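Before any comments, here is the structure.
The values are calculated or read from the model by the stated rules, or taken from the named source; none is laboratory data. Bear in mind the structure is a predicted one, so any value in this text is a computation, not a measurement. For neighbour counting, all protein chains shown are included, and Cβ atoms are generated from backbone atoms with ideal geometry for every residue, glycine included.
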Amino acid sequence: MACGHGLLAHILLLLDDSSPAALAVDVRLPKSAGRLATVLQSDWPRLQGRIRFMQQAIETIDIGPDDLLVSVHACGGLTDLVLDAAIKGRARVAVLPCCHDLQTADDGGLRGWLDGSLAIDATRVARLRSAGYRVYTHTIPVEISPRNRLLLAEPE
Ligand SMILES: C[S@@+](CC[C@H](N)C(=O)[O-])C[C@H]1O[C@@H](n2cnc3c(N)ncnc32)[C@H](O)[C@@H]1O
């Protein structure tokens, strides 16, 4: 979701060949997304025909319990739209949030104790748990990205 060039869709299928296909969704697919896909798929032919790009909004995609929603750096409230879609479809989800909007995002009233972006992500965890999800939290190396909080969740 919010896939940009769709690199993550390719990498996930490379890492987990048990997933039959990936849908790469973005409201504005970059022009070079197709070229990148061609190059990647000529290096890894087993990806051919398994990744479909869709130029539309996350909110319009039908999600079901067999899906895994992934999104890297869906800016600000876009991460919440990904969580909304996952909860609605009872799908598993993995996000790496970024660009937290300290003015509008729900911080769960935690700003007295936690820095703003952490309060927002902690509140996302609380929301997933109250929607019946089991949550796992990790970080990726800060050298890859300083926006490095990885939030994974699956229905209980
Ligand atoms: C910061 S970029 C991240 C792109 C990619 N995930 C990456 O890590 O390189 C955010 C992306 O969200 C897309 N976007 C914004 N609103 C969206 C929406 N409602 N539905 C789907 N994509 C959206 C933008 O077009 C942009 O490509």
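Looking at segment 28-46, is at least one residue touching a Phe, Trp or Tyr at 6+ places or on another chain (Cβ under 7 Å) and either within 13 Å of the ligand (Cβ to nearest atom) or modelled with pLDDT of 95 or more (or both)? Steps first, answer last, please.
As a first pass, look at segment 28-46 and keep what is touching a Phe, Trp or Tyr at 6+ places or on another chain (Cβ under 7 Å): 29, 33.
Filter once more, so that each one left must be either within 13 Å of the ligand (Cβ to nearest atom) or modelled with pLDDT of 95 or more (or both): 29, 33.
The answer is yes; a qualifying residue exists.
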> Leu68 passes all but one of (1) without any contact (Cβ under 8 Å) to a residue 60 or more places away in the chain; (2) not assigned by TED's automatic domain parsing to the domain that holds Ile87; which number fails?
Replying inline: (2)
>> Out of Leu110, Leu40, Leu69, Leu118, I need the residue that is surrounded by 15 or more Cβ atoms within 10 Å (Cβ to Cβ), closer than 11 Å to Met1 by Cα and among the hydrophobic types (A, V, I, L, M, F, W, C). Which one?
In response: Leu69
> Quick check, is Thr137 among the β-branched types (Val, Ile, Thr), more than 27 Å from Arg28 (Cβ to Cβ), in a helix (DSSP H, G or I) and free of Cβ contacts under 8 Å to residues at least 24 places away in the same chain?
Replying inline: no
>> Which pairs turn up if I take residues in segment 106-129 that are under 16 Å from Arg149 (Cα atoms) and assigned by TED's automatic domain parsing to the domain that holds Leu81 and look for partners that are of a type in the set (Val, Ile, Thr) and surrounded by 15 or more Cβ atoms within 10 Å (Cβ to Cβ) with beta carbon separation below 6 Å, at least 6 apart in sequence or on another chain?
In response: Asp107/Ile120; Asp107/Thr123; Val125/Val135; Leu128/Val135
> Say we look at segment 87-109 and pick out the residues that are in contact with a Pro (Cβ under 9 Å, 6 or more places away or on another chain) and of a type in the set (Lys, Arg); which of these is nearest to the ligand (Cβ to nearest atom)?
Replying inline: Arg92
>> Only one of Ser71, Ser42, Ser117, Ser130 is among the polar types (S, T, N, Q) and under 15 Å from the mean Cα position of the chain (by Cα). Can you tell me which?
In response: Ser71
> For segment 127-156, what are the residues that are small (Gly, Ala, Ser), more than 14 Å from Leu96 (Cβ to Cβ) and in contact with a strand residue (DSSP E or B) (Cβ under 9 Å, 6 or more places away or on another chain)?
Replying inline: Ala131, Gly132
> Across segment 47-86, what is the number of residues that are away from the ligand (no atom under 11 Å from the Cβ), small (Gly, Ala, Ser) and farther than 14 Å from Ala24 by Cα?
Replying inline: 2
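Kindly establish whether Arg124 is surrounded by fewer than 16 Cβ atoms within 10 Å (Cβ to Cβ) and in a helix (DSSP H, G or I). Explain how you work it out, then say what you get.
Numbers: surrounded by fewer than 16 Cβ atoms within 10 Å (Cβ to Cβ): no; in a helix (DSSP H, G or I): yes.
No, not satisfied.
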